[in-house]
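Q: Pasting a structure below so you can have a look.
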Amino acid sequence: MDTRMCDGVPALADGADLLVVEATFLHADGALAQQHGHLTARRAARVAAEVGVRTLVLTHFSQRYPDPRAFEDEARAEYGGDLVVAADLQQVPVPPRADAPAGDRGRDG
């Protein structure tokens, strides 16, 4: 999801097993995020926590931040689930569906 905060963000993320969402800015630069149509790591994590996302993948970071751990720290303050701060070309496994029968978890389709 690459968007500013809007009603569609929680609606689309609601109960997702995996949410890949941009977090271009940190909270301290929230005004820039709003101005340029992006989310902060804190806001993305808060939405994920509020709607029950199982695994949150943050991506699309501004190059103004030299250390991606800042995004992890900010997101962790809001979100307690599985968290990935994605790097370019990183592959992230899709977790089995939470509502899949036990025998179907881990199968490839």
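The values are calculated or read from the model by the stated rules, or taken from the named source; none is laboratory data. Quantities reported herein were computed from a predicted structural model and do not represent experimental measurements. Please note: Cβ atoms are built from the backbone with ideal geometry, for glycine as well, and neighbour counts cover all protein chains shown.
Q: Can you run down the residue pairs with Cβ atoms below 7 Å, 6 or more apart or on separate chains, where the first is in segment 34-54 and polar (S, T, N, Q) and the partner is in a loop (DSSP other than H, G, I, E, B)?
A: From segment 34-54, the pairs are Q34/R4; T40/A23; T40/L26.
Q: Being more than 17 Å from P95 (Cα to Cα) and among the hydroxyl-bearing types (S, T, Y) is the filter here; which residues of segment 45-58 pass it?
A: none
Q: Shifting gears a bit: If a residue must be in contact with a helix residue (DSSP H, G or I) (Cβ under 9 Å, 6 or more places away or on another chain) and more than 17 Å from E78 (Cα to Cα), how many such residues does segment 17-49 contain?
A: So the count comes out to 2.
Q: Let me ask something else about it. Test F71 against the stated conditions and say whether it is touching a residue at least 40 places away in the same chain (Cβ under 8 Å) and surrounded by 17 or more Cβ atoms within 10 Å (Cβ to Cβ).
A: yes
Q: Let me ask another. Where in segment 1-87 are there helices (runs of 4 or more DSSP H), lying wholly inside it, with at least 3 residues that are among the aliphatic types (A, V, I, L, M) and more than 27 Å from D99 (Cβ to Cβ)?
A: Answer list for segment 1-87: 30-36.
Q: In segment 11-44, how many are surrounded by 22 or more Cβ atoms within 10 Å (Cβ to Cβ), touching a Leu at 6+ places or on another chain (Cβ under 7 Å) and more than 23 Å from L89 (Cβ to Cβ)?
A: Summing the residues that are surrounded by 22 or more Cβ atoms within 10 Å (Cβ to Cβ), touching a Leu at 6+ places or on another chain (Cβ under 7 Å) and more than 23 Å from L89 (Cβ to Cβ) in segment 11-44 gives 2.
Q: Please list, ordered by first then second residue, the pairs with beta carbon atoms under 9 Å, 6 or more apart or interchain, first in segment 7-24 and among the hydroxyl-bearing types (S, T, Y), second part of a helix (DSSP H, G or I).
A: Every condition considered, the pairs that remain are T24/L32; T24/A33; T24/H36; T24/A41.
Q: Considering A13, A41, A102, which residue is at pLDDT 95 or above and of a type in the set (A, V, I, L, M, F, W, C)?
A: On inspection, the qualifying residue turns out to be A41.
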